[in-house]
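Working notes, beginning with the structure itself.
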Amino acid sequence: MNMLEQIQAQLQALSKSERKVAEQILAAPQQAMHSSIATLAAAAGVSEPTVNRFCHRMGTRGFPDFKLQLAQSLAKGPNWVSRDVEENDSVESYSHKIFDSALAGLNRVRQQLDMAVIQQAVRALTRANKIAFFGLGASAVVAHDATNKFLRFNLPVIWSEDIVIQRMSCINSGPNDVFVLISHTGRTKNMIELARLARVNASTVLAITSPGSPLAAEATLALTLDVPEDTDIYLPMVSRLAQLTMVDVLATGFTLERGTSFRENLKRVKEALRDSRLEKQVQTEINARQNN
């Protein structure tokens, strides 16, 4: 096993403080490789001796030797898809690995959710005059999905992946507006700037992001999803699924918070959309003809 695989394999056997170091490294191995021991300790929220203990636990002679082995792991050439996938994996192998990784990642996030913060976020959304969902890159897709859900809720909803429109929306915001900013790394400069612009106008900023990120620090409320996926190297996979699931949690909380009378509006929306689809029986008959 290379160093990243070794860390992952021993994760559950580590002490609580050592696990914080491991999770920080797994989340951003490139950053860890270039960090000093003080920087890594601060990022993980532990002491420098804890980092040293972790390095020895991984079978290295100390932090410099650990960084060398970490660099060798990364230098072998990532496949740019997933840390779990090997070059010679069969279709069955990499398919199972991706599904296993997704299930494990979602379960990890679920166990670490802060229910009090989720409740505060739901209440902020239900009291909003206007909600905006913004993200860039892969997170823009999640923001679009959120908009698609909340448009059913009979209140103004904004979505755009154009940073100029995003900026103008934040600049023209007010105290009763809620901005949901989505970024796995929480280090995207534009997202951090949007949070600052919105908060200047006393708008509420909900960040769906990684714990300890700059975006989390700028937000009114941070819905942190602890997914050890380095999207600087790999395709966004589990992180995107976790974001989409959090959107589902917020949408569900929103409908429950609004009460029974509000859910009647959802029923009307569903009924209005029904004519845009083929009836299930008709579709079944079409499929049967195509198969014959």
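The values are calculated or read from the model by the stated rules, or taken from the named source; none is laboratory data. None of these values were measured; they are calculated from a predicted model. All Cβ positions, even for glycine, are placed from backbone atoms using ideal geometry, and neighbour counts span all protein chains on display. The accessibility values were calculated without ligands, DNA or RNA, using every heavy atom of the protein model including side chains. Shrake-Rupley method; radii C 1.70, N 1.55, O 1.52, S 1.80 Å.
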Listed by first then second residue, the pairs whose first member lies in region 151-168 and is under 18 Å from residue 127 (Cβ atoms), whose partner is open to solvent by 70 Å² or more (accessible area, probe 1.4 Å) and part of a helix (DSSP H, G or I), with beta carbons under 7 Å and at least 6 positions apart or on separate chains, are 157/151
Answer yes or no: is there a residue in region 25-37 that is in a helix (DSSP H, G or I) and over 25 Å from residue 214 (Cα atoms). no
Being on the phi < 0 side of the Ramachandran plot, open to solvent by 30 Å² or more (accessible area, probe 1.4 Å) and at pLDDT below 85 narrows it down to one of 245, 224, 260, so name that one. 260
Let me spell it out: the conditions are (1) open to solvent by less than 50 Å² (accessible area, probe 1.4 Å); (2) over 19 Å from residue 10 (Cβ atoms); (3) modelled with pLDDT of 75 or more, and residue 45 meets all of them except one. Which number is the exception? (1)
Screening 158, 208, 182, 192 for residues that are in a helix (DSSP H, G or I) and β-branched (Val, Ile, Thr) leaves only 192
Name the pairs: first residue in region 271-289 and at pLDDT 70 or above, second residue open to solvent by less than 100 Å² (accessible area, probe 1.4 Å) and part of a helix (DSSP H, G or I), Cβ to Cβ under 8 Å, at least 6 apart or on different chains? 278/286
For residues that are among the hydroxyl-bearing types (Ser, Thr, Tyr) and more than 26 Å from the chain's Cα centre (by Cα), scanning just region 1-58, find the one that is nearest to residue 73 (Cα to Cα). 36
Between residues in region 113-124 that are farther than 16 Å from residue 211 by Cα and residues that are open to solvent by 60 Å² or more (accessible area, probe 1.4 Å), which pairs lie under 6 Å by C-beta distance while being six or more apart or on different chains? 122/257
Pairs needed: first member in region 177-200, free of Cβ contacts under 8 Å to residues at least 40 places away in the same chain and closer than 24 Å to residue 227 by Cβ; second member anywhere, surrounded by fewer than 23 Cβ atoms within 10 Å (Cβ to Cβ) and polar (S, T, N, Q); C-beta distance under 7 Å; at least 6 residues apart or different chains. 186/213; 187/213
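Residues are listed down the side, and each one gets a yes or a no for (1) more than 25 Å from residue 264 (Cα to Cα); (2) touching a helix residue (DSSP H, G or I) at 6+ places or on another chain (Cβ under 8 Å); (3) open to solvent by less than 70 Å² (accessible area, probe 1.4 Å):
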site: 122; (1), (2), (3): no, yes, yes
site: 130; (1), (2), (3): no, no, yes
site: 152; (1), (2), (3): no, yes, yes
site: 161; (1), (2), (3): yes, yes, no
site: 168; (1), (2), (3): yes, no, no
site: 175; (1), (2), (3): yes, no, no
site: 203; (1), (2), (3): yes, yes, yes
site: 207; (1), (2), (3): yes, yes, yes
site: 214; (1), (2), (3): yes, yes, yes
Could you list, in sequence order, the residues of region 9-27 that are touching a residue at least 60 places away in the same chain (Cβ under 8 Å) and open to solvent by 10 Å² or more (accessible area, probe 1.4 Å)? 23, 27
For residue 143, indicate whether it is touching a residue at least 60 places away in the same chain (Cβ under 8 Å), open to solvent by less than 40 Å² (accessible area, probe 1.4 Å) and among the aliphatic types (A, V, I, L, M). no
